[in-house]
Amino acid sequence: MTVIWTGMIVISVLCGLATGRGPAVAAAAVEGTSAAVQLALSIAGMLCLWTGVMEVMRQSGLAGKLSRLLTPILRRLFPQAARDSSTMDSIAANVSANLLGLGSAATPLGLEAARRLSRSSPGVASDSLCMLVVCNTASIQLIPTTVASVRAAEGCAAPFDILPAVWLASVLSVGVGILACKIFARVWRD
């Protein structure tokens with residue numbers, strides 16, 4: 001990716017210089033970096049808020065209750081991991097963070113769950129590991145914090161008015177992903 005982005009920047013600068021628009025390219029670069037810093041700071045604020053909410057939920061026991069609420073569903077999705085409570089706890093914590101739209105908080109939890117799932121079949125992605133990847137990729141989000149923070153940073157008056165569309169799209173994508181994962185698990189049995 002570094003090579004691609006560097007190539008795009010070099011080509012843009014060379015095209016700007018070749019067409020006599022060097023000052024416009026320089027001005028756009030300065031404006032773009034300024035906008036990127038402002039966007040990053042606004043997203044960081046929102047992520048800090050929701051990561052703090054997740055930590056409060058964890059310390060108050062609410063995250064554990066949410067995990068226990070999800071356990072019956074997760075046992076059906078991850079039957080190979082159902083016997084290992086620490087693996088199921090990692091998966092439940094990851095799904096909980098994804099439900100709250102905390103992709104940055106969900107990533108380390110997902111990596112921990114994947115590490116635990118990969119112990120049972122080293123070198124090969126098990127059905128449970130594939131299901132975890134699918135559920136992480138297409139995760140259901142009740143509160144899309146990252147998208148809402150980007151919308152708020154860009155001046156949207158109601159950044160959460162996208163909730164019904166997000167809920168529908170995420171439920172459909174997770175449903176299709178789980179169905180595909182189950183079908184492929186049956187088709188390519190060893």
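Are any of the residues in region 1-8 under 30 Å from Ala97 (Cβ atoms), open to solvent by 70 Å² or more (accessible area, probe 1.4 Å) and either of a type in the set (D, E, K, R) or not in a helix (DSSP H, G or I) (or both)?
Checked region 1-8: at least one residue is under 30 Å from Ala97 (Cβ atoms), open to solvent by 70 Å² or more (accessible area, probe 1.4 Å) and either of a type in the set (D, E, K, R) or not in a helix (DSSP H, G or I) (or both).
In this structure, does Leu39 turn out to be part of a helix (DSSP H, G or I), in contact with a helix residue (DSSP H, G or I) (Cβ under 9 Å, 6 or more places away or on another chain), in contact (Cβ under 8 Å) with a residue 24 or more places away in the chain and open to solvent by 40 Å² or more (accessible area, probe 1.4 Å)?
Against the criterion (part of a helix (DSSP H, G or I), in contact with a helix residue (DSSP H, G or I) (Cβ under 9 Å, 6 or more places away or on another chain), in contact (Cβ under 8 Å) with a residue 24 or more places away in the chain and open to solvent by 40 Å² or more (accessible area, probe 1.4 Å)), Leu39 qualifies.
Can you find a residue in region 5-12 that is among the aromatic types (Phe, Trp, Tyr) and closer than 21 Å to Ala148 by Cα?
no
Inspect all residues belonging to region 108-118 and state whether any of them is of a type in the set (Ser, Thr, Tyr), outside any helix (DSSP H, G or I) and open to solvent by less than 60 Å² (accessible area, probe 1.4 Å).
Scanning region 108-118, I find no residue that is of a type in the set (Ser, Thr, Tyr), outside any helix (DSSP H, G or I) and open to solvent by less than 60 Å² (accessible area, probe 1.4 Å), so the answer is no.
Gly16 versus (1) under 16 Å from the mean Cα position of the chain (by Cα); (2) assigned to a helix (DSSP H, G or I); (3) surrounded by 15 or more Cβ atoms within 10 Å (Cβ to Cβ); (4) small (Gly, Ala, Ser): which is the lone unmet condition?
Condition not satisfied by Gly16: (1).
Could you identify the single residue in Ala106, Ala138 that is in contact with a Gly (Cβ under 7 Å, 6 or more places away or on another chain), without any contact (Cβ under 8 Å) to a residue 60 or more places away in the chain and among the hydrophobic types (A, V, I, L, M, F, W, C)?
Of Ala106, Ala138, the one residue that is in contact with a Gly (Cβ under 7 Å, 6 or more places away or on another chain), without any contact (Cβ under 8 Å) to a residue 60 or more places away in the chain and among the hydrophobic types (A, V, I, L, M, F, W, C) is Ala138.
Quick check on my filter: what residues within region 141-183 are of a type in the set (Val, Ile, Thr), open to solvent by 40 Å² or more (accessible area, probe 1.4 Å) and either in a loop (DSSP other than H, G, I, E, B) or without any contact (Cβ under 8 Å) to a residue 12 or more places away in the chain (or both)?
Ile143, Ile183
For region 48-65, how many residues meet the condition of being assigned to a helix (DSSP H, G or I) and open to solvent by less than 40 Å² (accessible area, probe 1.4 Å)?
Looking only at region 48-65, we keep the residues that are assigned to a helix (DSSP H, G or I), and these are 48-60, 62-65.
So of that shortlist, the ones also open to solvent by less than 40 Å² (accessible area, probe 1.4 Å) come out as 52, 54, 57, 63-64.
Adding up the residues that qualify gives 5.
Which of (1) surrounded by 14 or more Cβ atoms within 10 Å (Cβ to Cβ); (2) modelled with pLDDT under 90; (3) not aromatic (Phe, Trp, Tyr) does Thr137 not meet, given it meets every other one?
Answer for Thr137: the failing condition is (1).
State which residue is surrounded by the most Cβ atoms within 10 Å (Cβ to Cβ) when the search covers only region 119-134 and only residues that are at pLDDT 85 or above and of a type in the set (A, V, I, L, M, F, W, C).
That would be Leu132.
Between Arg186, Arg83, Arg75, which is without any contact (Cβ under 8 Å) to a residue 24 or more places away in the chain, more than 23 Å from Gly61 (Cβ to Cβ) and in a helix (DSSP H, G or I)?
Result of the check over Arg186, Arg83, Arg75: Arg186.
The values are calculated or read from the model by the stated rules, or taken from the named source; none is laboratory data. From a predicted model like this one, the values you see are computed outputs, not experimental measurements. When we count neighbours, we look across all protein chains shown, and the Cβ atoms used for this are built from the backbone with ideal geometry, even at glycine. SASA here: full protein model, heavy atoms, side chains in, ligands and nucleic acids out. Shrake-Rupley method; radii C 1.70, N 1.55, O 1.52, S 1.80 Å.
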